[in-house]
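The values are calculated or read from the model by the stated rules, or taken from the named source; none is laboratory data. Keep in mind it's a predicted model, so treat the numbers as computed, not measured. FYI the Cβ positions are ideal-geometry reconstructions off the backbone, even for glycines, and counts take in every protein chain you see.
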Amino acid sequence: MAINRTKAGTYAVDYYDSLRKQRRKTFDTRKEAEDFEIQVRAAVRRGEYITPSKETVKEIAKQWFERKKQGAYRGSSIRQWRNHVDNFIVNELGSIKLSRMTVEGVQLIEDTMATWSERVGPVTVNKILTTLTAVLDMAQRRRLINTNPARLVERMKIATEDEDGDIVQPDEVYIKAELAKLIAATESGTIKRVFVMVLALLGLRIGEALALAWPAIDLKGGKNAKVNVLLNLGDGDKGQKPVFQPPKKKQSRRAVPLPEELAHELRKWKLKCPVSDGDLVFAMPDGAKYNRKSASKFLDEAIQRAGLGKRLTPHGLRHSFASLLLADGVPVPEVSYLLGHKDPSITLKVYAHFVREETGAVQNLAASILGKGQG
């Protein structure tokens, strides 16, 4: 290994890497060249030196995804990975060379996550980070990088209310017949039926459902009855119990129409509902509030009794609610309001597969303009 001054006045370090291949790197000052020489000598001696790769994040991400496509994975997983790679990882990090994905890579990834968070919620950002970590793991196995900086990045704190971020696929929701079967698998006038119906027919997040209080429900309003979504059951700090709190986004505070079928079940359940401090709709026998895990068992039991082929989480019923409305032609802004989304663009992105594509609007417009004017 040697340092030589070039004709251009720079300093070149000539060395052999761990594979005994000759390399050269130039620096503006001799001090920079000497520092690099010391680092390379130590790394080569330990067998840890890796020749700076000219490959980019885009190239390794595409290779990783192609390998995944060949595996026995669910279609929904493949589509999710494609979305992460094409629309997030490649968009913001694709042109960066893997040689920069060292300690500097940690800051690059953290800055990029902040950009992602402007488009999607923290749950989705963390999922994209998981995909990026897997991509860079492959680069590390191929000795293109020494360490994986994505493993050093702190994940985003999850919001207290369930987020809608990933694009929902058709196999991730129930159709109308499946929802009917699910509701029928519960006993009328019970907390289990009310829980399933609130999620499936109102599209509430599970935290919003568990925070529902009787005064927020208009059981005497008839066809104009509403359910006022005012609170959310948030996760408490570590070691603390969950707490009720206002939604962080003002759009989450909304009034959702109450179907008469659900109002009927709510009236029956109210006669048996345990007394609680918050006058809760979903109260345990001793008046305590349910946590998400305990309440989710109501849905699991109903799915099993209904004999449905796929298991959805409570949030899956919210997705089913939205997808069915959009498939029926309900305008995106209206569905966005019912879901409590920040703006309709989120609804359109998440439920793109369910928005009606066929429309006679253009033909009808042309006919209305030209039909009577041809005389």
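One table, with the values for the structure above:
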item: Restricting the stretch 278-289 to residues that are touching a residue at least 60 places away in the same chain (Cβ under 8 Å) and under 18 Å from Glu187 (Cβ atoms), the residue that is farthest from the chain's Cα centre (by Cα); result: Val281
item: Residue check for Val90: in contact with a helix residue (DSSP H, G or I) (Cβ under 8 Å, 6 or more places away or on another chain), touching a residue at least 24 places away in the same chain (Cβ under 8 Å) and farther than 30 Å from Leu233 by Cβ; result: yes
item: Given (1) under 22 Å from Lys342 (Cα atoms); (2) of a type outside the set (Gly, Ala, Ser); (3) in contact with a Pro (Cβ under 6 Å, 6 or more places away or on another chain), number of the condition Met101 does not satisfy; result: (1)
item: Hits in the stretch 290-312 (condition: charged (D, E, K, R) and either within 16 Å of Leu212 (Cβ to Cβ) or over 25 Å from the mean Cα position of the chain (by Cα) (or both)); result: Arg292, Glu301, Arg305
item: Hey, Ala295 closer than 20 Å to Leu317 by Cβ and in contact with a Phe, Trp or Tyr (Cβ under 9 Å, 6 or more places away or on another chain) or not; result: yes
item: Any chance Ala150 is of a type in the set (A, V, I, L, M, F, W, C) and surrounded by fewer than 17 Cβ atoms within 10 Å (Cβ to Cβ); result: no
item: Yes/no for Ser53 being within 26 Å of Leu132 (Cα to Cα) and either at pLDDT below 80 or more than 43 Å from the chain's Cα centre (by Cα) (or both); result: yes
item: Pairs with Cβ under 8 Å, 6+ apart, first in the stretch 309-323 and within 12 Å of Leu204 (Cβ to Cβ), second of a type in the set (Gly, Ala, Ser) and part of a helix (DSSP H, G or I); result: Pro314/Ala209; Pro314/Ala295; Pro314/Ser296; Leu317/Ala200; Phe321/Ala200
item: Among the residues listed as Leu338, Leu325, Leu312, the single one being in a helix (DSSP H, G or I) and out of contact with any Lys or Arg (no Cβ under 8 Å at 6 or more places or on another chain); result: Leu325
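Residue-wise test of (1) more than 30 Å from Asp343 (Cα to Cα); (2) among the small types (Gly, Ala, Ser); (3) in contact (Cβ under 8 Å) with a residue 40 or more places away in the chain.
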{"position": "Arg119", "(1), (2), (3)": "no, no, no"}
{"position": "Pro149", "(1), (2), (3)": "yes, no, yes"}
{"position": "Asp164", "(1), (2), (3)": "no, no, yes"}
{"position": "Ser188", "(1), (2), (3)": "yes, yes, yes"}
{"position": "Leu199", "(1), (2), (3)": "no, no, yes"}
{"position": "Gly203", "(1), (2), (3)": "no, yes, yes"}
